[in-house]
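Down below is the structure, laid out as C-alpha cells.
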Amino acid sequence: MNKPKFAIEAKQLEKTYKASGKLPAKQALKGIDLQIPAGSIFGLLGPNGAGKSTFINILSGLVTKTGGSASIWGMDIDARPREARSAIGVVPQEINMDPFFTPMEAMELQAGFYGVPKSQRRTEQILDAVGLLDKKDAYVRQLSGGMKRRLMVAKAMVHAPPVVILDEPTAGVDVELRRSLWEYVGELNKAGTTIILTTHYLEEAEELCDEIAIINHGEVIASEPTPQLLKRLDHRSLIIYPKDPLQVVPPALSGVDASIRPDGALAITFRSSETGIGRLIETVREANISIEDLETEDPDLEDVFVEMTKA
Ligand code: ADP
Ligand code: MG
C-alpha cells in the first residue's frame with residue numbers, strides 16, 4: 001500500500017442515533033471534517049459524550065454513519081469497505097474478550113479473522129512487545145485489567161495495519177502500565193504506524209500527540225499541531241493565599257488580570273509565554289500582600305473550550 005497523505009479523512013461526517021430503549025435520539029456527530037496526517041500521533045480530545053467513540057466506531061464499521069464520507073488510508077469506507085478496514089486496528093474503549101482463551105489463542109483467532117497466513121504471523125513478537133509473552137498460555141480471565149488492555153492492543157496489531165486507533169486507552173490503567181503502553185505506542189509510531197488516540201485529558205494529548213483535534217458536542221472546534229494549539233492556550237493561573245483574606249483587588253494590581261475568590265485568595269491569570277511567575281509574585285509583594293501560600297493551575301479542558309469557542 002502506498003502511503004497516502006492522510007491516514008484518515010472525514011468530510012461532513014454525521015451520525016444521528018435513533019431513539020432506542022431508554023436512549024433518546026441524538027445527533028452525535030454534526031458534520032465532522034478531519035484530516036489526520038499519515039505517520040502522525042494524532043489526538044482526538046474531548047469530554048465525555050463529545051462523539052469520539054462514535055467517530056471511531058464509524059471507521060471500524062460498528063456504527064453506520066448517517067451522512068458525509070470517510071476514508072481510511074485513501075480508501076473510501078463505502079466504496080472499499082473491506083480494504084479500508086484492513087488498514088486499521090482498533091482498540092475499543094470497552095474491554096471485551098472471551099475469558100476462556102489464552103492470549104496466544106486469542107491472537108491466533110484474530111489473525112485468522114483477518115486472513116493473515118500462518119507464515120506471516122508475528123504473534124510471539126507482538127505479545128513480547130506488550131509484555132505478555134510470559135502470559136501467553138494463561139487464561140484471559142486470569143489476567144489483570146491492565147494485562148487485558150495490553151492484549152487488546154496486541155490483538156489490534158495482528159494484521160500489521162498502517163493505522164492503529166486507541167479509544168480511551170488509559171481508562172482504568174495504572175500509571176506504570178500507562179508509561180509502558182505509551183512507550184510501545186511511541187515505538188510503533190517510530191516504525192511508521194499512524195497512531196490515533198482519544199482521550200479527555202489535555203495533558204495526555206499534549207504529551208503524546210503531534211497534532212490534536214478538539215471535539216465537543218459532535219463538532220471539531222480545533223485541529224492543529226500541538227505546539228500551535230498550546231500557544232493559544234498558554235493561560236495559567238497563579239493563586240495567592242494571603243495571610244489575611246482579601247475583599248477587593250488592591251489598586252496596585254490594576255495592571256494584571258486578577259480577581260478575588262470566594263475564599264479570599266487572589267487569582268491571577270497570565271500568559272506563561274509572556275510573564276514569569278517570579279515577576280508576578282514581586283508585583284503582589286509590592287502591593288503589600290503578605291503571601292501565606294501559593295499555587296499555579298494549568299488550564300483544564302473547560303478553559304480550553306471557553307477559549308476556543310470565543311469568537
Ligand atoms: P465519547 O466517546 O466522546 O464519550 P460517544 O461517541 O460515546 O462520545 O457519544 C456521543 C453521544 O452520542 C453521547 O451523547 C451519547 O450518549 C450518544 N450515544 C452514543 N451511543 C448511542 C446509541 N447507541 N444510541 C443513542 N445515543 C448514543
Ligand atoms: Mg468514548
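The values are calculated or read from the model by the stated rules, or taken from the named source; none is laboratory data. Computed from a predicted model, the values in this text were never measured in an experiment. Positions of Cβ are backbone-derived with ideal geometry, glycine not excepted, and every protein chain shown enters the neighbour counts. Heavy atoms of the whole protein, side chains included, go into the accessibility calculation; ligands, DNA and RNA do not. Shrake-Rupley method; radii C 1.70, N 1.55, O 1.52, S 1.80 Å.
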- Item | Matching residues, the stretch 266-307, being at pLDDT below 90 and hydrophobic (A, V, I, L, M, F, W, C) | Phe270, Ile277, Leu301, Val304, Phe305, Val306
- Looking at the stretch 116-141, which of the residues that are modelled with pLDDT of 90 or more and farther than 22 Å from Glu187 by Cβ is surrounded by the fewest Cβ atoms within 10 Å (Cβ to Cβ)? Ser119
- What is the number of the single condition among (1) over 23 Å from the mean Cα position of the chain (by Cα); (2) modelled with pLDDT under 95 that Pro81 does not meet? (2)
- Positions within the stretch 17-34 being closer than 25 Å to Met75 by Cβ and either exposed (fewer than 15 other Cβ atoms within 10 Å of the Cβ) or touching a helix residue (DSSP H, G or I) at 6+ places or on another chain (Cβ under 9 Å) (or both), in sequence order: Ala28, Leu29, Ile32, Asp33, Leu34
- Tell me, which strands (runs of 3 or more DSSP E) lie completely within the stretch 161-232 with 3 or more residues that are outside the structural domain of Arg85 (by TED's automatic domain parsing)? none
- Pairs, first part of a helix (DSSP H, G or I) in the stretch 265-291, second among the aromatic types (Phe, Trp, Tyr), C-beta under 9 Å, six or more apart: Ile277/Phe270; Leu280/Phe270
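Take Met75 and decide whether it is open to solvent by 40 Å² or more (accessible area, probe 1.4 Å), at pLDDT 95 or above and in contact with a helix residue (DSSP H, G or I) (Cβ under 7 Å, 6 or more places away or on another chain).
Working: open to solvent by 40 Å² or more (accessible area, probe 1.4 Å): no; at pLDDT 95 or above: yes; in contact with a helix residue (DSSP H, G or I) (Cβ under 7 Å, 6 or more places away or on another chain): yes.
For Met75, the condition - open to solvent by 40 Å² or more (accessible area, probe 1.4 Å), at pLDDT 95 or above and in contact with a helix residue (DSSP H, G or I) (Cβ under 7 Å, 6 or more places away or on another chain) - is not met.
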- Task: Return yes when Phe113 is more than 22 Å from Arg85 (Cα to Cα) and open to solvent by 50 Å² or more (accessible area, probe 1.4 Å) and no when it is not.
- Result: no
- Item | Residue that is surrounded by the fewest Cβ atoms within 10 Å (Cβ to Cβ) [pool: residues in the stretch 233-258 that are free of Cβ contacts under 8 Å to residues at least 40 places away in the same chain and assigned to a strand (DSSP E or B)] | Asp257
- Note on the structure: Scanning the stretch 35-76 residue by residue, the ones that are of a type in the set (A, V, I, L, M, F, W, C), within 13 Å of the chain's Cα centre (by Cα) and away from ligand 2 (no atom under 13 Å from the Cβ) total 2
- If Pro99 satisfies every condition in (1) part of a loop (DSSP other than H, G, I, E, B); (2) within 16 Å of ligand 2 (Cβ to nearest atom); (3) within 23 Å of Val140 (Cβ to Cβ) but one, which is the exception? (2)
- Checked Glu183, Glu176 against criteria (open to solvent by 50 Å² or more (accessible area, probe 1.4 Å) and over 26 Å from Leu59 (Cα atoms)); the one match is Glu176
- Item | Selected residue (criterion: nearest to ligand 1 (Cβ to nearest atom)) from residues of the stretch 40-72 that are open to solvent by 40 Å² or more (accessible area, probe 1.4 Å) and closer than 17 Å to Val164 by Cα | Leu62
- Message: Can you pull out every residue in the stretch 102-122 that is in a helix (DSSP H, G or I) and within 15 Å of Pro161 (Cα to Cα)?
- Response: Met107, Gln110, Ala111, Gly112, Phe113, Gln120
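Among Pro81, Pro37, which is closer than 20 Å to Leu188 by Cβ and open to solvent by 20 Å² or more (accessible area, probe 1.4 Å)? Walk me through it before giving the result.
Details: Pro81 fails: closer than 20 Å to Leu188 by Cβ.
So the residue among Pro81, Pro37 that is closer than 20 Å to Leu188 by Cβ and open to solvent by 20 Å² or more (accessible area, probe 1.4 Å) is Pro37.
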